[in-house]
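Working notes, beginning with the structure itself.
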Amino acid sequence: MYQMHCLRDRLGLSVLGLEMAEGVGGTWYWNRYPGARCDSESHSYSYYFSDELLKSWTWSERYPGYAEILRYLNFVADRYDLKRSFRFNTKVLSAHYDEQANRWEVCADNGDRYRAQFLISAVGNLSSANIPNIPGLERFKGHWYHTGQWQH
């Protein structure tokens, strides 16, 4: 989000973020299982580019839970009107560089195609569950859950 803010609001570039989720938050959007919290102090999640922003948010805990981190990220996104520069619920299927046009072509799961001079790949490697191969799991009769696939 900070990169979007800098490119759009400081440099005046046209910026579009394609986001698979319904909202901002990255790993904190996807990992909302009961008890999820960070193992870093809350101040490490704060954006330091604005004194006004720093003064306008107070963390309630030293090691906050996912809900507070997500509230903070939405607070920042709303404060800088960043959500208008995202296309939520949009999964990137492919991106390739067209050397003749000197542009990137990005294809999304909804059929939309985007062309851009620059592409920043922020793949969100924590948005897909890594399910281990556990012998015998298919015979287990009960319910099992992976935190990365928690039903929000």
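Amide H contacts for residue 103 (H built 1.01 Å from N in the peptide plane; partners 5 or more residues away or on another chain; cut-off under 5 Å): 98.
Projecting the Cα atoms of 56, 2, 82 onto the charge dipole of the range 1-95 (Cβ charges, centred on the Cα centre) puts 82 farthest toward the positive pole. Scaled against the 2.2 N^0.38 Å expected of a compact globular protein of N residues, the Cα radius of gyration of the chain reads 1.25. Under 5 Å between amide hydrogens, built in the peptide plane, is the criterion, and for residue 37 it picks out 66 among residues at least 5 positions away or on other chains.
Each semi-axis of the equivalent ellipsoid for the range 98-152 is √(5λ) with λ an eigenvalue of the Cα gyration tensor; in descending order they amount to 39, 12, 11 Å.
Backbone phi angles across the range 5-11, fed through the Karplus curve with coefficients 6.51, -1.76 and 1.60 (θ = phi - 60°), yield HN-Hα couplings of 4, 5, 5, 7, 8, 9, 9 Hz in residue order; Gly and Pro are listed as x. Summing -39500 (n - 2.57) over the DSSP H runs of n ≥ 4 in the chain and dividing by its residue number, what mean residue ellipticity at 222 nm do you reach, to the nearest 500 deg cm²/dmol? The helix contribution divided over the chain gives -4500 deg cm²/dmol.
For the chain, modelled as a GNM whose springs connect Cα atoms under 10 angstrom apart, the maximal fluctuation among 17, 65, 136 occurs at 136. Note on residue 122 and residue 43: with the Förster distance fixed at 25 Å, the Cβ-Cβ geometry gives a FRET efficiency of about 0.60.
Calculated translational diffusion coefficient of the range 18-104 (10 °C, 1.306 mPa s; Stokes-Einstein with Kirkwood radius over alpha-carbon pairs) equals 106 µm²/s. GNM on the chain, alpha-carbon springs under 10 angstrom: the most fluctuating residue among 67, 21, 122 is 122.
On the basis of the beta-carbon distance and an R0 of 30 Å, residue 96 and residue 13 show a calculated FRET efficiency of 0.90. Modelled this way, with points 7 Å down the Cα-to-C-beta line, the labels at residue 33 and residue 55 are 4.1 nm from one another. This ranking places 140, 86 by how few other beta-carbon atoms lie within 10 Å of each, fewest first, which gives 140, 86.
No value in this document is a laboratory result; all are computed from the given coordinates. Everything numeric here is computed off the predicted structure, so don't read it as measured data. Note: ideal-geometry Cβ built from the backbone for every residue, glycine included; neighbour counts use all protein chains shown.
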